[in-house]
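Everything below concerns the one structure shown next.
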Amino acid sequence: MKNLALLVTSIIFSLFLCEIGLRLFTPFPISEASNKTDDPVLGYRLSTHLEDVDQHGFRNAPKDTYDIAALGDSHTYGNNVSSDQTWPSLLGKMTGMEVYNFGVGSYGLYTYHAILKTLVKPAVKGVIIGLYPANDFKMTNSLCPANSAENTFMQDEIKSLNLEIPPAETLRKHCAIKIGGKFSGLKKHLFDDSAIVSAIKLLVIKKTKQRLKIVENDSNKFYIFDGHINPVPKSQTRNSAKRTDMQNPDTKYMFETFDKFTGSWRNWAHDNNVKLGVLIIPSVERVIYEYYYRKNGLELLDAGFVSDLLKQIKFEQSLSALLDKHEINYKFALSDTVDAFIESLQKGEEFYPINDGHTYKEGYQAYARAAYELWVEMNH
């Protein structure tokens, strides 16, 4: 019994030393919890302890002024690339202007609205909102803190814009993660904030999954394509289809909210003499569909995949009509992205990592080219 107690004590002490060592000499913990700080209006910002995050909690080098504000989610933040390879950073190089990156993973429509109205400086020359239709219209993350009683800014906006907040049962369903459970605090400290668990997840589990390509060839769970195109989870395309299906009450609500937001954004831009544009970023499955469409190969695609993508395409048409109605310049980055996708395939290179909807640097370069074209149109 004494030996067992000694063994357990030794293990706990060793884990404690390992935890301390990782925190002192490595970037770990790298997790959703450790990388964010609470914000009463936005819900959260990035933690300033991250090496490429400024004092305001966004992914920028320290700067006092900027010419263009780029708003968006992880596709604007730049998952899978360094900060100088994000589309806002590349747009800055193309235009010769200072571009401030307000992009943070899991931000959405409500967050974009709050950033535009509370953080973007009125003296800015332009604002480009990186819209990702595949998940920007789901009722999580940005909606939950927006409906908080403590968020006085958004409570005022709800009244002034006459926003219809979803029923309580709908909010409970979507915002359950914010409410938490009995053991949510314990889970956070033991797993989300642990440097050891974070290192295991990133260096062992994630790397192992990336190497086990044979698992990705399970046609029951993945759509399989020819050539060097990585499989795409069926659940991913179904979720994207659900979030862009106007028959879905949640999507319909968010689209109606977006209609009111865009009208408000247009008025804000007009009152402050600021150029406003929307960059529409395509999903990985949307790029693959367009690739097959270009080579007249849609018949090679699974019928379920095509059915899901037709909902995304129809939603894009609704978005275009709405932005036209509000006379807001917009650019769909699909064509530039597919061009870059084809070029990567011809080189035998991956464009999207396995099981990841965020591109490598070639995709962000395509987004930047589309953003630059949009910027030119915004100024004519």
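General observations
- Among the conditions (1) over 30 Å from Glu285 (Cβ atoms); (2) assigned to a helix (DSSP H, G or I); (3) touching a residue at least 40 places away in the same chain (Cβ under 8 Å), Val120 misses just one, which is (2).
- The set of residues in region 159-189 that are at pLDDT 50 or above and more than 24 Å from the chain's Cα centre (by Cα) comprises Lys159, Ser160, Leu161, Asn162, Glu164, Pro167, Ala168, Glu169.
- Pick from region 270-319, criterion closer than 27 Å to Met378 by Cβ and part of a loop (DSSP other than H, G, I, E, B), ranking: most open to solvent (accessible area, probe 1.4 Å): Asn273
- Positions within region 38-89 being open to solvent by less than 30 Å² (accessible area, probe 1.4 Å) and in a helix (DSSP H, G or I), in sequence order: Ser74, His75, Thr76, Trp87, Pro88
- Complete set of residues in region 357-380 that are among the hydroxyl-bearing types (Ser, Thr, Tyr) and more than 18 Å from Phe341 (Cβ to Cβ): Tyr372
- Residue within region 126-143 that is more than 30 Å from Leu374 (Cβ to Cβ) and in contact with a Leu (Cβ under 9 Å, 6 or more places away or on another chain) present: no
- The listed residue being open to solvent by less than 10 Å² (accessible area, probe 1.4 Å), closer than 26 Å to Asp54 by Cβ and not charged (D, E, K, R), out of Thr152, Thr118, Thr111: Thr111
- Hey, Ser264 of a type in the set (Ser, Thr, Tyr) and without any contact (Cβ under 8 Å) to a residue 24 or more places away in the chain or not: no
- Residue list for region 363-380, restricted to those being part of a loop (DSSP other than H, G, I, E, B) and without any contact (Cβ under 8 Å) to a residue 40 or more places away in the chain: His380
- Filtered by the rule that a residue be among the small types (Gly, Ala, Ser) and either in a helix (DSSP H, G or I) or touching a residue at least 60 places away in the same chain (Cβ under 8 Å) (or both), region 332-362 gives Ser335, Ala340, Ser344, Gly348, Gly357.
The values are calculated or read from the model by the stated rules, or taken from the named source; none is laboratory data. These figures come from a predicted structure and were not determined experimentally. In this analysis, Cβ positions are derived from the backbone assuming ideal geometry, glycine residues included, and neighbour counts consider all displayed protein chains. Heads up: the accessible areas ignore ligands, DNA and RNA and are worked out on the full protein's heavy atoms, side chains in. Shrake-Rupley method; radii C 1.70, N 1.55, O 1.52, S 1.80 Å.
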